[in-house]
């Protein structure tokens with residue numbers, strides 16, 4: 001891990017950009033702490049620069065409660081090399097949704113390669129982040145892509161709890177993985193999400209094998225998650241990470 005920039009924000013949050021190999025990321029930590037801070041990994045749909053205002057707001061909200069927060073760029077997004085296959089799958093998905101056609105095969109083409117590449121990168125980032133002074137476990141995951149969160153929850157034992165954003169498609173072939181998820185979950189669903197399949201999201205929630213799983217469904221579109229859900233997420237992580 002190589003840090004490339006550092007700034008102290010006005011609420012005494014230290015923000016550092018880094019690269020891990022060819023993968024860029026951002027780390028936010030408390031300005032001062034008496035003990036190692038539990039870590040929350042911030043998932044997102046890609047495009048760190050585009051997503052920065054929302055990611056920074058989420059991170060600062062978490063850091064204010066005593067957590068460290070970090071994110072990395074997804075494969076094929078932002079400044080990383082584009083994937084022609086993924087771009088073609090996105091175009092096909094938009095066309096199929098507009099025409100009301102089946103999308104399962106297209107979702108497989110788009111999401112499965114992303115999960116296969118992104119999850120090892122997240123785990124490598126977790127190795128590097130937990131080796132830093134001032135950061136410790138346990139670890140939480142918050143955000144999307146929900147399929148990435150599902151795979152991480154299955155294969156990464158250091159993740160103790162997750163807040164998952166049900167705003168992206170999950171390949172039906174991953175439902176068996178969802179049944180293997182046993183950590184505590186809080187799932188956020190936007191009821192009127194224009195780019196997602198509500199019933200699929202409900203089916204995924206039903207498939208999760210966790211004994212503790214909670215669904216918060218709010219009215220509104222994809223980007224309309226109420227601000228109070230951030231407080232709910234922090235209370236959820238307080239129960240499981242502190």
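Readers should treat all values here as calculations from the given coordinates under stated rules, not as data from a laboratory. Fair warning: this is a prediction, and the values are worked out from it, not measured in the lab. Because the Cβ atoms are built from the backbone with ideal geometry, glycine has one as well, and the counts that use them run over all protein chains shown.
With contacts taken as Cα pairs under 8 Å and at least 6 residues apart, region 36-93 reaches a relative contact order of 39 percent.
Compute the angle between helix 228-241 and the longest alpha-carbon principal axis of the chain, please, reported from 0 to 90 degrees and rounded to the nearest 10. Around 70 degrees separate the two axes. Rounded to the nearest 500, the helix-only mean residue ellipticity at 222 nm of the chain stands at -13000 deg cm²/dmol, with each DSSP H run of n ≥ 4 adding -39,500 (n - 2.57). Shape annotation for the chain: C-alpha extents along the principal axes are 54, 39, 31 Å, from largest to smallest. Normalising by the residue count of the chain, find the relative contact order in percent from Cα pairs under 8 Å and 6+ residues apart. This gives 15 percent for the chain. First measure r as the distance between the Cβ atoms of residue 97 and residue 35, then evaluate 1/(1 + (r/R0)^6) with R0 = 51 Å and state the FRET efficiency to the nearest 0.05. The value I calculate is 0.60. With a simple spin-label model that places each label point 7 Å from the Cα along the Cα-to-Cβ direction, the separation between residue 8 and residue 179 comes to 5.3 nm.
The long axis of helix 198-207 is offset from the longest Cα principal axis of the chain by roughly 70 degrees.
Roughly how far apart, in whole Å, are the Cα centres of region 110-166 and region 182-242? Cα centroid of region 110-166 versus Cα centroid of region 182-242: 17 Å apart.
At 0.36 nm per residue, and after removing the present C-alpha to C-alpha distance, how many nm does the segment from residue 206 to residue 17 gain when stretched out fully? Don't skip to the end; give the middle numbers.
On the way: separation 189, 0.36 × 189 = 68.04 nm, distance 3.73 nm.
Extra length available between residue 206 and residue 17 comes to 64.3 nm.
With 10 angstrom as the radius, rank 29, 4 by how many other C-beta atoms surround their C-beta, starting from the fewest. Please report the intermediate quantities before stating the final value.
Numbers: 29 23, 4 10.
The order, fewest Cβ neighbours first, is 4, 29.
Kindly express, to the nearest 10 degrees and within the range 0 to 90, the angle between helix 146-155's C-alpha long axis and the longest C-alpha principal axis of the chain. Computed tilt is about 60 degrees.
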